[in-house]
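One structure is given here, and the rest of the page talks about it.
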Amino acid sequence: MTKPATGVESEAQAQREPSGLLGQGEDGLFHQSWYPICLSSEVERGAVIGRDFLDGKVVVFRGEDGVVSVTSAFCPHLGANLACGTVVGNSVQCAFHRWEFDRDGACVRTGVGDPAPRVAKLFAFPTCERYGIVWAFNGTEALWALPGFDRPDSELVFHTYSMQPYTCDGWTISCNTPDMQHIKVVHGFNFHGADPHDLVEWQQWSHSYPLKASFGEGTEVDWRIGIHGTSIYLQQGMVGDWWLGIIVGMSSPRPGHSMPFGCVAVEKGDGSAARNRLNQERALWAEAYGQRIAAEDAGILNTIRFRPGALTRADRTLAQFFRFLRNYPRAHPSASFIR
């Protein structure tokens, strides 16, 4: 995929931007991005749970080795939902006839001992577990790696949480990040200097830009914020004199619906009891901040009819993100497995 074109140069050009953006599943396809499926704490060792994903159902199971997997939910034998099954070793076993499938989706054993047909396979999603969240990539292989912070994980303390669901696609929520008008007028951020349209860095699978601003009762922030793929928001930088990282993934349980899963990261420090209390206070402040942002957006996003159209010069970065979305790869290789 080529890099997006340069930003909109004028109000007239912005108004000529085509408005057609396909919703998730609208053409039977979905963005090839990483999506949160559940919290890690929801899947204990040896457990299997079911979740809605894309336009069907998947299961998440954790083997005896502690590794988590996401596969299609329906047994290829007679269609039983594997969420009713159990975990045997590092495989998931169907409750109906005791067929077992490994984390690659291959049938490794049938209950009566018959050889499994070669077509008896599950769809195994590329799976990653990080930040206390289980993620799955929509594709046969991941096009890009889950993003990280500029601090090593070993130096950070993580606090994971989930938010209320929205009745809109996750990529619609992601549009709020390049929408600098929205950040200012809805969330009350006072930018220091001009809008940073010319400072946005566009990569093949992401974009980000520096945000120096104040909000609330004078809280000063010096962040870098951006979107990875179409479903992951990443923010990191200073809040006053301390560092904060936040990653939020937008799930895709079905077309037109999403639920954000968030993780706050703060620096671990010296490990003293006082520092641990401070870290907890900072993490809870950051979660409250994220929940406040979500609450301010909820009424808008739950009722929106998203039709990009009459843009202005203040929408330069947002217009470029729309072009990024139009060029972004879409696929649904699991379609025949998960429905």
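The values are calculated or read from the model by the stated rules, or taken from the named source; none is laboratory data. Here the structure is a predicted model, which is why all the values come from computation and not from measurement. Using ideal geometry, Cβ is built from the backbone for each residue, glycine included, and neighbour counts are taken over all protein chains shown. Heavy atoms of the whole protein, side chains included, go into the accessibility calculation; ligands, DNA and RNA do not. Shrake-Rupley method; radii C 1.70, N 1.55, O 1.52, S 1.80 Å.
A few comments on the model shown:
- Given (1) part of a helix (DSSP H, G or I); (2) on the phi > 0 side of the Ramachandran plot, number of the condition Thr317 does not satisfy: (2)
- Matching strands (runs of 3 or more DSSP E) fully within region 96-167 where at least 1 residues are open to solvent by less than 20 Å² (accessible area, probe 1.4 Å): 133-137, 156-162
- Looking only at residues of region 268-279 that are among the basic types (Lys, Arg) and over 18 Å from Gly237 (Cβ atoms), we find that the one that is surrounded by the fewest Cβ atoms within 10 Å (Cβ to Cβ) is Arg277.
- Residues satisfying the stated conditions in region 75-95, i.e. in contact with a helix residue (DSSP H, G or I) (Cβ under 7 Å, 6 or more places away or on another chain) and either closer than 29 Å to Ser258 by Cα or crowded, with 20+ Cβ neighbours inside 10 Å (or both): Cys75, Val92, Cys94
- Test: Pro308 is in a loop (DSSP other than H, G, I, E, B), within 30 Å of Val70 (Cβ to Cβ) and not acidic (Asp, Glu): no
- Looking across region 149-178, just one residue is small (Gly, Ala, Ser) and more than 14 Å from Gly262 (Cα to Cα), and that is Ser154.
- Restricting attention to region 286-313, the residues that are of a type in the set (Ser, Thr, Tyr), within 24 Å of Leu22 (Cα to Cα) and either open to solvent by 60 Å² or more (accessible area, probe 1.4 Å) or out of contact with any helix residue (DSSP H, G or I) (no Cβ under 8 Å at 6 or more places or on another chain) (or both) add up to 1.
- Test: Ile173 is open to solvent by less than 50 Å² (accessible area, probe 1.4 Å), under 17 Å from Arg292 (Cβ atoms) and not in a strand (DSSP E or B): yes
Residues are listed down the side, and each one gets a yes or a no for (1) touching a helix residue (DSSP H, G or I) at 6+ places or on another chain (Cβ under 7 Å); (2) surrounded by 14 or more Cβ atoms within 10 Å (Cβ to Cβ); (3) at pLDDT 95 or above; (4) polar (S, T, N, Q):
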position	(1), (2), (3), (4)
Gln235	no, yes, yes, yes
Val266	yes, yes, yes, no
Glu281	no, no, yes, no
Leu284	no, no, yes, no
Asp315	yes, yes, yes, no
Pro329	no, yes, yes, no
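- Residues of region 255-297 classified as in contact with a strand residue (DSSP E or B) (Cβ under 7 Å, 6 or more places away or on another chain) and small (Gly, Ala, Ser), total: 7
- Of all residues in region 93-139, those being free of Cβ contacts under 8 Å to residues at least 24 places away in the same chain and among the basic types (Lys, Arg) number 4.
- Residue satisfying all of: in region 181-213; outside any strand (DSSP E or B) and charged (D, E, K, R); most open to solvent (accessible area, probe 1.4 Å) among these: Asp198
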